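Trainee: Below is the structure I would like to discuss, written out as structure tokens.
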Amino acid sequence: MHRGVGPAFRWARKMASSGPEPQILVQYLVLRKDLSQAPFSWPAGALVAQACHAATAALHIHRDHPHTAAYLQDLGRMRKVVLEAADERTLKDLAETLQQKNIDHMLWLEQPENIATCIALRPYPKEEVNQYLKKYRLFK
């Protein structure tokens, strides 16, 4: 079982560390907003599961990348940002752009329906991928 890292431990770890702060890595997810609305009306838990599937798959596929290894090395510093795409076409267009720009990602397809539900990028410094994601809002 994972337990939260207490403030005293975080303070001691910060005081004991030497050198500059490690690079901040973020795992971005883009989840379809229309799935939460009619006619789909998926429950919140189903949407969260889609994001979890995509994030886990992206981390697994890119587990040997140095950014992924660094991201997973300090679980207390993991950062995720969940953005919303209006619909399936918007999500697939983003996947195509990411593919063309060689941005490592996973387009999650819910089975057996084969519905694109979420994109998860491997962990990146945000300045490397922000230009592709800046038009998407935080998922609400």
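The values are calculated or read from the model by the stated rules, or taken from the named source; none is laboratory data. Keep in mind the model is a prediction, meaning the values are calculated, not measured. For neighbour counting, all protein chains shown are included, and Cβ atoms are generated from backbone atoms with ideal geometry for every residue, glycine included. With ligands, DNA and RNA removed, areas are computed over all heavy atoms of the protein, side chains included. Shrake-Rupley method; radii C 1.70, N 1.55, O 1.52, S 1.80 Å.
Trainee: For the peptides 90-103, 23-36, what is the packing order when you average, over each peptide's residues, the other Cβ atoms within 10 Å and list the highest mean first? Please list the in-between numbers first.
Mentor: Numbers: 90-103: 14.6, 23-36: 19.9.
Descending mean neighbour count gives 23-36, 90-103.
Trainee: Could you calculate, for the stretch 16-96, the ratio of the Cα radius of gyration to the Kirkwood radius, expressed as Rg to Rh?
Mentor: Details: Rg = 15.7 Å, Rh = 14.6 Å.
Ratio of gyration radius to Kirkwood radius: 1.08.
Trainee: Let me ask something additional. From the mean inverse distance of alpha carbon pairs (Kirkwood) and the Cα radius of gyration, derive Rg over Rh for the stretch 68-129. Could you put the intermediate results ahead of the total?
Mentor: Working: Rg = 13.1 Å, Rh = 13.0 Å.
Answer for the stretch 68-129: 1.01.
Trainee: Sequence-distant or interchain residues sharing an amide H contact under 5 Å with Val26, placed H: which?
Mentor: Tyr124, Lys126
Trainee: Separation of the stretch 124-140 and the stretch 86-107 by C-alpha centroid, Å?
Mentor: So the two Cα centres are separated by 12 Å.
Trainee: Can you list the residues, at least 5 places off or on another chain, whose amide H is less than 5 Å from the amide H of Trp42, using H built in the peptide plane?
Mentor: Sorted by chain and number, the residues that satisfy this are Ser36, Gln37.
Trainee: Would you tally the net charge around Leu83, using a Cβ to Cβ cut-off of less than 10 Å, leaving Leu83 out, and scoring K and R as +1, D and E as -1?
Mentor: On the way: positive: Lys33, Lys134, Lys135, Arg137; negative: Glu84.
It works out to a net charge of +3.
Trainee: Can you give me the % of accessible surface on the stretch 25-138 that is carbon or sulfur? Probe 1.4 Å, all protein chains present, nothing else counted. The partial results should precede the final answer.
Mentor: Working: 3300 of 6240 Å².
The nonpolar share, carbon plus sulfur, comes to 53 percent.
Trainee: Additional query: Enumerate the calculated ³J(HN,Hα) couplings along the stretch 81-93 in order (Karplus 6.51 cos²θ - 1.76 cosθ + 1.60, θ = phi - 60°), each rounded to whole Hz, writing x wherever the residue is Gly or Pro.
Mentor: 10, 10, 10, 10, 10, 5, 7, 5, 4, 4, 5, 5, 5
Trainee: If amide hydrogens are placed 1.01 Å from N in the peptide plane, which non-local residues have theirs closer than 5 Å to the one on Arg32?
Mentor: Close amide H contacts, sequence-distant or interchain: Ala85.
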